[in-house]
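Let me begin by presenting the structure, written as structure tokens, before commenting on it.
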Amino acid sequence: MRLILVGPPGAGKGTQASHLAAHYKIPHISTGDIFRANLKNGTELGKKAQSFMDRGELVPDSVTNEMVKDRLGNNDVAGGFLLDGFPRNTNQAQVLAQILIEKKMPLDAVLELKIDNAEIIKRLSGRRTCQGCGVSSHVEFEKPKVAGVCDKCQGQLYQREDDKEEVVARRLEIYAQQTEPIISFYNSIGLLKNISALGEVAEITKRAIAALG
Ligand code: AMP
């Protein structure tokens, strides 16, 4: 299974991606996670990405495309992959298409998680992310057992800079302007499936698997 997961910030892409990657036994490649790991480790790549991420802007394509090209060069993608958060604009989609042609690895599907803006704002304003393992919870809808502490690894929970209200508004704007056009493109070539991102996590995963066939 070679799959792209697309959806606005707060649709639950990261959560669903990890369930789907486990189900299909394929690596979960999240560009946001790779950037955050680099930021945490203070690498050059992290330093290049930080100011864009903090403002909710896209990291320049020159940086992002190289990083993905490099990641798709790993042997673990031979049996498939799940891309989460990439591509996010037309240029990235074109670069990805070229990489996949060269590697003779055509995409099987692009799965879109659909959700409206009011629900996104509710989800993101209360989202907390674990500094240790990156898993997220919610101060109201998915409370951790101990406030401020990750259930999975006991790491400290924090609010991502880009989950703050002003930044969320910018991320939604960028999604509408830059990412929605690629969804129409994937639809026009018959790869797009979409499902509602509302409901319980397990229910949405089931919906996704049913849509993917
Ligand atoms: P995410 O966790 O997918 O919401 O990504 C967090 C942030 O990382 C985004 O707001 C961007 O600043 C950056 N980022 C992640 N994926 C990409 C991408 N494909 N292109 C450019 N920037 C990205």
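The values are calculated or read from the model by the stated rules, or taken from the named source; none is laboratory data. Owing to the predicted nature of the structure, the values given are computational and were not obtained by experimental measurement. Cβ coordinates were reconstructed from backbone atoms using ideal geometry, including for glycine residues, and neighbour counts include every protein chain displayed. Calculation scope for accessible area: heavy atoms of the full protein, side chains included, ligands and nucleic acids excluded. Shrake-Rupley method; radii C 1.70, N 1.55, O 1.52, S 1.80 Å.
Here are a few things to note about the model shown:
- Residue count for region 184-201, restricted to those that are without any contact (Cβ under 8 Å) to a residue 24 or more places away in the chain, within 23 Å of F141 (Cβ to Cβ) and open to solvent by less than 70 Å² (accessible area, probe 1.4 Å): 1
- Set side by side, the residues D76, D54 differ, and just one is surrounded by fewer than 16 Cβ atoms within 10 Å (Cβ to Cβ), within 11 Å of the ligand (Cβ to nearest atom) and not β-branched (V, I, T), which is D54.
- Scan of region 22-31 for residues that are within 15 Å of the ligand (Cβ to nearest atom), open to solvent by less than 20 Å² (accessible area, probe 1.4 Å) and in contact with a strand residue (DSSP E or B) (Cβ under 6 Å, 6 or more places away or on another chain), ordered by number: I29, S30
- The criterion of being within 13 Å of the ligand (Cβ to nearest atom), acidic (D, E) and surrounded by fewer than 20 Cβ atoms within 10 Å (Cβ to Cβ) holds for E66.
- Subset of region 35-45 [more than 8 Å from the ligand (Cβ to nearest atom) and within 17 Å of the chain's Cα centre (by Cα)]: A37, N38, L39
- Qualifying positions in region 162-188 - of a type in the set (A, V, I, L, M, F, W, C) and within 26 Å of R128 (Cα to Cα): V167, V168, A169, L172, I174, A176
- All positions within region 109-128 that are closer than 23 Å to L212 by Cα and either in contact with a helix residue (DSSP H, G or I) (Cβ under 7 Å, 6 or more places away or on another chain) or surrounded by 16 or more Cβ atoms within 10 Å (Cβ to Cβ) (or both): A109, V110, L111, E112, L113, I115
- Residue in region 32-49 that is over 22 Å from A93 (Cβ atoms), in a loop (DSSP other than H, G, I, E, B) and open to solvent by 70 Å² or more (accessible area, probe 1.4 Å) present: yes
- Test result for A109, in contact (Cβ under 8 Å) with a residue 60 or more places away in the chain, small (G, A, S), out of contact with any Pro (no Cβ under 8 Å at 6 or more places or on another chain) and farther than 22 Å from D54 by Cβ: yes
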